Amino acid sequence: MITMASAGSKTKKSCLKKNHSHNADNIQLFILALPAIILLFVFCYIPMAGIILAFKKFRVDLGIFKSPWIGLKNFEFFFTSSDAWRVVRNTLGMNFLFILFTTVFSVLFAVLMFRLRSRRLVKTYQTVTLMPSFLSWVVVGYMVYALLMPGPMGLVNQIIMLFGGEPVDWYSQPGYWPVILLIVKLWHGVGYNSLFYYASLMGIDKEFFEAAQLDGATKTQEFRYIILPFLKPIIIVMTLLNIGNIFRADFGLFFNVPRNVGALYPATDVIDTYVYRALTQLGNVGMSAAVGLVQSVVGFALILATNLVVRRIDPESALF
């Protein structure tokens, strides 16, 4: 009996020590995460009180909370304007193209890097393709302008003239700009996005490929039956996160690269640039708050709907 009691007390002491060490680890992790939590609370949760501006006619002399309520008039101002369909169409259409082509090219580039045997070449290619992601859209805008400058001064026009063609006034013809913006977006972001897929590929057991080669599988079959199923969860997660922002546009891209030229608005004007002009030219704070609220609600609804569809098809690949 004494032996059993002493054994029980030892077991209890060891459990207490484990719990104490576990709690100490949790406290350390919480301290590490505390700055990020504070920043998230200050910049993301406290400003949510400003949502009420979407339902008010904001007056500087009265402030946010004393400004008069006007119901849904701020929403009506945007959705009944003649430009509403154009900016919504451009925002959704361009974001859909960005999601589709960025995913495809990022996966293909990650697979190509994974196939390379030389680690030095992999690091070189990744560095070269990752560098554009660190450039601001202001710098990228000037680079694009140097390429597409109107007349014979632009580099692209010089190449066209070299082959006997006529120079193109790129900044007055909106038909070219969906393709131009897509190319710029891919150049700027594929290197960064491919890192997620490349990191996932590094976790594949080499024995899968060895077994496939013994069975006579081709590179295409390896991609279809080994690589693609392994990448499917991360592709779904990345797509879900991107769909949540499909009603938001990259302001830096759509404002700096087309240089806010009015002739290009039919192809480059999106919700964020439209709201920016409403703020700077009209000072309509209420309308901008209303549009921001709509963007957040639509993004949240799209994430829920897309995740529901994924969960019906493949529950293990769902985000939640």
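Is it true that some residue in segment 152-159 is assigned to a loop (DSSP other than H, G, I, E, B), surrounded by 14 or more Cβ atoms within 10 Å (Cβ to Cβ) and touching a helix residue (DSSP H, G or I) at 6+ places or on another chain (Cβ under 9 Å)? If you could, list the steps in order and put the result at the bottom.
First, the residues of segment 152-159 that are assigned to a loop (DSSP other than H, G, I, E, B): 154.
Filter again for surrounded by 14 or more Cβ atoms within 10 Å (Cβ to Cβ), leaving 154.
Filter once more, keeping what is touching a helix residue (DSSP H, G or I) at 6+ places or on another chain (Cβ under 9 Å): 154.
Yes.
Taking the numbered list (1) closer than 16 Å to N95 by Cβ; (2) out of contact with any Pro (no Cβ under 7 Å at 6 or more places or on another chain) in turn, A267 passes all entries but (2).
Against the numbered list (1) touching a helix residue (DSSP H, G or I) at 6+ places or on another chain (Cβ under 7 Å); (2) farther than 17 Å from Y198 by Cα; (3) open to solvent by 30 Å² or more (accessible area, probe 1.4 Å), V257 comes up short only at (3). So which residues in segment 260-284 are open to solvent by less than 10 Å² (accessible area, probe 1.4 Å) and in contact with a Lys or Arg (Cβ under 8 Å, 6 or more places away or on another chain), if there are any at all? Within segment 260-284, D269, I271 qualify. Being closer than 17 Å to A267 by Cβ, touching a residue at least 24 places away in the same chain (Cβ under 8 Å) and open to solvent by 60 Å² or more (accessible area, probe 1.4 Å): is that true of G141 here? Judged against the criteria, G141 is not a match. Of the helices (runs of 4 or more DSSP H) lying entirely inside segment 43-131, the ones with 3 or more residues being charged (D, E, K, R) and over 24 Å from G244 (Cα atoms) are found at 119-130. Listed residues S172, S118, S136; which is under 27 Å from P229 (Cβ atoms) and among the polar types (S, T, N, Q)? Going through S172, S118, S136 in turn, the sole match is S118. When W187 is tested against (1) open to solvent by less than 40 Å² (accessible area, probe 1.4 Å); (2) part of a helix (DSSP H, G or I); (3) under 30 Å from L92 (Cβ atoms), exactly one condition is not met: (1). Restricting the search to helices (runs of 4 or more DSSP H) fully inside segment 239-320 and requiring at least 1 residues that are without any contact (Cβ under 8 Å) to a residue 60 or more places away in the chain and of a type in the set (A, V, I, L, M) gives 271-277, 285-313.
In a residue-by-residue description of segment 194-203, the property of being part of a loop (DSSP other than H, G, I, E, B) and closer than 25 Å to N242 by Cα applies to at least one position. Residues that are of a type in the set (G, A, S) and within 14 Å of V270 (Cα to Cα) within segment 82-126 comprise S82, A84, G93, listed in sequence order.
Just to be sure before I move on: is L186 at pLDDT 90 or above and hydrophobic (A, V, I, L, M, F, W, C) in the structure I sent? Judged against the criteria, L186 is a match. Of the residues making up segment 56-82, just one is touching a residue at least 60 places away in the same chain (Cβ under 8 Å), open to solvent by 60 Å² or more (accessible area, probe 1.4 Å) and within 29 Å of the chain's Cα centre (by Cα), namely F77.
Test of understanding: among I234, I227, which residue is surrounded by 14 or more Cβ atoms within 10 Å (Cβ to Cβ), closer than 26 Å to V128 by Cα and without any contact (Cβ under 8 Å) to a residue 60 or more places away in the chain? Full working, then the answer.
Values: I227 fails: without any contact (Cβ under 8 Å) to a residue 60 or more places away in the chain.
From the options I234, I227, the qualifying one is I234.
Against the list (1) in contact (Cβ under 8 Å) with a residue 40 or more places away in the chain; (2) open to solvent by 40 Å² or more (accessible area, probe 1.4 Å), the condition L116 fails is (1).
The values are calculated or read from the model by the stated rules, or taken from the named source; none is laboratory data. Everything numeric here is computed off the predicted structure, so don't read it as measured data. Positions of Cβ are generated from backbone atoms using ideal geometry, with glycine treated the same way; all protein chains shown enter the neighbour counts. Surface areas here come from the heavy atoms of the whole protein model, side chains and all, with no ligands, DNA or RNA. Shrake-Rupley method; radii C 1.70, N 1.55, O 1.52, S 1.80 Å.
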